[in-house]
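> Attaching a single structure in structure tokens format; questions to follow.
The values are calculated or read from the model by the stated rules, or taken from the named source; none is laboratory data. Just so we're clear, the structure is a prediction, and the values are computed from it rather than from any experiment. Note that we place each Cβ from the backbone using ideal geometry, even for glycine, and neighbour counts take in every protein chain shown.
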Amino acid sequence: MKALYDITPFTLLDFPDTPAAIFWFAGCNLRCVYCYNPDIVFGVAHIDEEEALAFLRRRQGLLEGVVLSGGECTTYPHLLAFCRSIKSLGYKIKLDTNGMRTDIIHQLLRENLIDYVALDYKATDSKMSEICGGGSEKRFWESFKAVRKSGIDFEVRTTFHPELLSEEDIITMAKTLKRRGYDREYYVQLFQGGMKTIGDLSVSNHRIDYEKLAPYITLRP
Ligand code: SF4
């Protein structure tokens, strides 16, 4: 079955301490207005699993990991079987996810198919629809709880556009994370203009109050 929109053959930036490839899955269950990947979200997969696995066989000994990104890889109906095949080749797997498919995350964790998770904390519940076109904060927390309880390495991150989220929102989110036992770095990446986005967003003129946010977040370029 066609699984991927594209493959990035090599990255040192996306999987901590792990030279990796990125598998970009087509499709997503959200529609974030700031999404930089509308081509992938609305696109059609044209690389099949066997092609992707053949790529990994050729890279054995050169790469150590695979980042499952997109789009939203948990919407791919054969993800578990695909992950089993990737693991059988000796690769570590990092999951990039919006956390809306807690059921799939549970199954991946139960089978020890993933080694690292980057979990997107999109917004407080009242802003989820406006920013993401759907989804729920409750679902994010269910996924957060599952990942945290599993003991695997993970991070939480948020994309910040000052016309969508305020500094107060970020502080509220940071405090909620802490209250729920998150004791790692909370990464916030700033929206970058100049790229096509789902919501056709421009860069805001609003100045971000770094000083106010500094005690709560780690800024990621
Ligand atoms: S930013 Fe939103 S719409 Fe884009 S891939 Fe991630 S979850 Fe999907």
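> Take region 140-186 and flag every residue that is polar (S, T, N, Q), within 24 Å of Leu95 (Cβ to Cβ) and in contact with a Ser or Thr (Cβ under 7 Å, 6 or more places away or on another chain).
Across region 140-186, the qualifying residue is only Ser143.
> Looking at region 110-123, can you tell me whether even one residue there is in a helix (DSSP H, G or I) and either surrounded by 22 or more Cβ atoms within 10 Å (Cβ to Cβ) or within 16 Å of the ligand (Cβ to nearest atom) (or both)?
No, that holds for no residue.
> Has region 160-167 got at least one residue that is hydroxyl-bearing (Ser, Thr, Tyr) and either under 21 Å from Thr102 (Cα atoms) or crowded, with 17+ Cβ neighbours inside 10 Å (or both)?
No: region 160-167 contains no residue that is hydroxyl-bearing (Ser, Thr, Tyr) and either under 21 Å from Thr102 (Cα atoms) or crowded, with 17+ Cβ neighbours inside 10 Å (or both).
> Here is a check on your reading of the model: is Gly199 surrounded by fewer than 19 Cβ atoms within 10 Å (Cβ to Cβ) and assigned to a loop (DSSP other than H, G, I, E, B)?
yes
> Same structure, new question: Sort out for me the helices (runs of 4 or more DSSP H) sitting completely within region 1-109 that have 1 or more residues that are modelled with pLDDT under 95.
The helices (runs of 4 or more DSSP H) meeting that bar number zero.
> Restricting attention to region 133-143, does a residue exist that is of a type in the set (Phe, Trp, Tyr), at pLDDT below 95 and either within 22 Å of Asn37 (Cα to Cα) or touching a helix residue (DSSP H, G or I) at 6+ places or on another chain (Cβ under 7 Å) (or both)?
No, region 133-143 contains no residue that is of a type in the set (Phe, Trp, Tyr), at pLDDT below 95 and either within 22 Å of Asn37 (Cα to Cα) or touching a helix residue (DSSP H, G or I) at 6+ places or on another chain (Cβ under 7 Å) (or both).
> So which residues in region 48-78 are in contact with a Phe, Trp or Tyr (Cβ under 8 Å, 6 or more places away or on another chain), within 23 Å of Gln107 (Cβ to Cβ) and either away from the ligand (no atom under 15 Å from the Cβ) or among the hydroxyl-bearing types (Ser, Thr, Tyr) (or both)?
Once the filter is applied, which keeps residues that are in contact with a Phe, Trp or Tyr (Cβ under 8 Å, 6 or more places away or on another chain), within 23 Å of Gln107 (Cβ to Cβ) and either away from the ligand (no atom under 15 Å from the Cβ) or among the hydroxyl-bearing types (Ser, Thr, Tyr) (or both), region 48-78 yields Glu49, Ala52, Leu56, Gly65, Val66, Ser69, Thr75, Tyr76.
> Go through region 93-109 and count every residue that is surrounded by fewer than 18 Cβ atoms within 10 Å (Cβ to Cβ) and in contact (Cβ under 8 Å) with a residue 12 or more places away in the chain.
2
> Given the residues Tyr34, Tyr5, which is the only one that is over 24 Å from Ser143 (Cα atoms) and within 16 Å of the ligand (Cβ to nearest atom)?
Tyr5
> Among the residues in region 126-146, are any of a type in the set (S, T, N, Q), away from the ligand (no atom under 15 Å from the Cβ) and in contact (Cβ under 8 Å) with a residue 40 or more places away in the chain?
Looking through region 126-146, none of the residues is of a type in the set (S, T, N, Q), away from the ligand (no atom under 15 Å from the Cβ) and in contact (Cβ under 8 Å) with a residue 40 or more places away in the chain.
> Based on what the data block shows, is Met173 of a type outside the set (Gly, Ala, Ser) and farther than 29 Å from Gln107 by Cβ?
no
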